Structure formats: structure tokens, C-alpha cells
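Engineer: Sharing a structure here in C-alpha cells format.
The values are calculated or read from the model by the stated rules, or taken from the named source; none is laboratory data. All values reported here derive from a predicted model rather than from experimental measurement. Cβ: placed from backbone, ideal geometry, glycine included. Neighbour counts: every protein chain shown.
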Amino acid sequence: MTANFLQEDIYVEQAKRRIVVKVGTSTLTHDSGTVDLRSMEHLVRTLSDLHGIGHDIILVTSAAIAVGTAKLRLPERPTELRMKQAAAAVGQCRIMHIYDKLFSEYNRSVAQILLTGEDVDSPERAEHLMGTFSALLEMRVIPVVNENDSVSSAEIETGRHKVLGDNDTLSAIVAKLCHADLLILLSDIDGLYDADPHAHPDATLIHRVESLTPEILEMAGGAGSWRGTGGMSTKLSAAKIAMESGCDMVITNGTRMEDLYGIVAGQDIGTRFLASK
């Protein structure tokens, strides 16, 4: 056991990687929609430590609407588009304030990048984005990315053409733009099961997926909690983008931030989708 631990530790120390971490609304907030400060602090501490090891870290965050709804003391998540976008504007400000404060405590600098579908769909804009990410990472800054819900309705309004549509897809596109080695989706699930674990207690967690076969795609369920928008189907869509761009992707439970160390070291934690060779 000791030898394995040392080998994994050496792997983490030597293999400097570019890592995109996406954290979902259910991980960042309580059921009431208020910010889960303990979870955010644990996330920031772990990412700061991985950054200190030498890895490039990019954080894709959710929760702007949920946090804005709570900050404005609205009785429930707005249903009208303009109110959703207003809540997102308030919530994004709150989230970035907390990230900046927490990362600063670990002597890390962060930058905010808000994207719309047009930003990643346009070759010229995408090229500028790649340059921005490259410069920030070169200066050892941690980019914090979210969809710009205040001006884009791609995620929060349904029935229209979507380029991003959810932060699982957004994080995969960011990983592709930044030529990341690893994309980690932190969610409220442990990974991909061969059956619904809520309905089937004997369901088995699939640790490695080498290709998105029809059988794998059929395992995707519906959307997640009311605070978020993503379900397993969006995560498999993200996996397709990541795998085709040469980036491994892992789905894991966001309640165990310390698992990030093992995931970076290549351990079988959550479900790892292996990049196409």
C-alpha cells in the first residue's frame, strides 16, 4: 500500500497537467439556494493546492441564478426570462466576490470570464478566447468561467438553438479551447451507473468508459435537482466533446473534494471517460 501511495504521489508531482474543473449548483449551494461556504472553501483550498503543485487550473462555476435568487430574497426561482437574467447578474457578482476572497487567502489570483454561445461559435472570438486563457495561465492566474446569463438565454430559456446550453457542455468547450488534459465534473452523483442507483440498489458504478456506445448513451437519465439544469445526458454530451479533443473527463461527487487528488493521479474514482487516441 505504501509503495502505491508513493508512486501516485510522484505521478502528481511530476505530471504537470492542465485541468478544467466544473462545479455544479447543487455542490455550491444549500437547498435554499444560499451559498454553501464550507463546500466552496474546501473546493478553493483543494484547487489552490493542486495549483501549487504546478498544475494549470481552470474553474467553470454554476449557481449564478440560484445565488441571485437567494440574495434578492425572492420566494422562488424566477420564471420570467428578464428576472432570471437579473438574478444571474446579482448572483454572479456574489459568487465572484466569494471566490476572489477565498482564493486570495491561499495567495492565488483569479480572473472572471463570462461566455455566450457566440463567443465560442465564432472562430475569431474563439481565437481571442484561447489567447486570453493562454495569457492568464501563463501568469499563473486561475480563470473562473461561467455562461453570461445576463445577456445569453442559451441555458435558461428553452426551445432555441443552443451552442452552450449548460455548464457541462461549457466546461467541455473550455477544455477543448484550452487544450486541457483533464476535465472533472463535480456533481451530486458518484458517476455513471449501469442502472438508476435510486431505483436499483445493486446498480454498479462504471469506472472507465473507452467509447460512447449506444448502450452507454442509453444510461443517461433526466435532469438533476431544481437548482441546476444538467443531468447525465448533458454530461455524456460533454464527454463526447472532451474525448474527441484528446481530453479525459471524470464525473465524480462534489461532496468529496479530496478525491480530486486521486483523480489527477489516475485512480478509479467516479467515472473516467478516456480520450480518443
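Engineer: Counting only residues that are surrounded by 15 or more Cβ atoms within 10 Å (Cβ to Cβ) and within 13 Å of K176 (Cβ to Cβ), how many does the stretch 118-140 have?
Structural biologist: 4
Engineer: Here's something else I'd like to know. Would you check if R82 is basic (K, R), surrounded by fewer than 18 Cβ atoms within 10 Å (Cβ to Cβ) and in contact (Cβ under 8 Å) with a residue 40 or more places away in the chain?
Structural biologist: No.
Engineer: On the basis of being surrounded by 23 or more Cβ atoms within 10 Å (Cβ to Cβ) and either modelled with pLDDT under 90 or farther than 22 Å from I184 by Cα (or both), does T69 make the cut?
Structural biologist: Yes: the conditions hold for T69.
Engineer: Condition first: at pLDDT 95 or above, assigned to a loop (DSSP other than H, G, I, E, B) and either in contact with a Ser or Thr (Cβ under 6 Å, 6 or more places away or on another chain) or of a type in the set (V, I, T) (or both). Now tell me which residues in the stretch 156-184 satisfy that.
Structural biologist: If the condition is that a residue be at pLDDT 95 or above, assigned to a loop (DSSP other than H, G, I, E, B) and either in contact with a Ser or Thr (Cβ under 6 Å, 6 or more places away or on another chain) or of a type in the set (V, I, T) (or both), then no residue fits.
Engineer: Restricting attention to the stretch 190-200, report how many residues are part of a loop (DSSP other than H, G, I, E, B) and either of a type in the set (D, E) or modelled with pLDDT of 85 or more (or both).
Structural biologist: Matching residues across the stretch 190-200 total 4.
Engineer: Can you say whether L43 is touching a Lys or Arg at 6+ places or on another chain (Cβ under 9 Å), crowded, with 19+ Cβ neighbours inside 10 Å, modelled with pLDDT of 95 or more and of a type outside the set (G, A, S), as far as the supplied structure shows?
Structural biologist: Criteria not met by L43.
Engineer: Further question: Do the conditions hold for D149, that is, is it outside any helix (DSSP H, G or I) and either under 18 Å from T169 (Cα atoms) or within 19 Å of the chain's Cα centre (by Cα) (or both)?
Structural biologist: Yes: the conditions hold for D149.
Engineer: Could you list all residues from the stretch 110-146 that are in contact with a Ser or Thr (Cβ under 7 Å, 6 or more places away or on another chain) and in a helix (DSSP H, G or I)?
Structural biologist: G117
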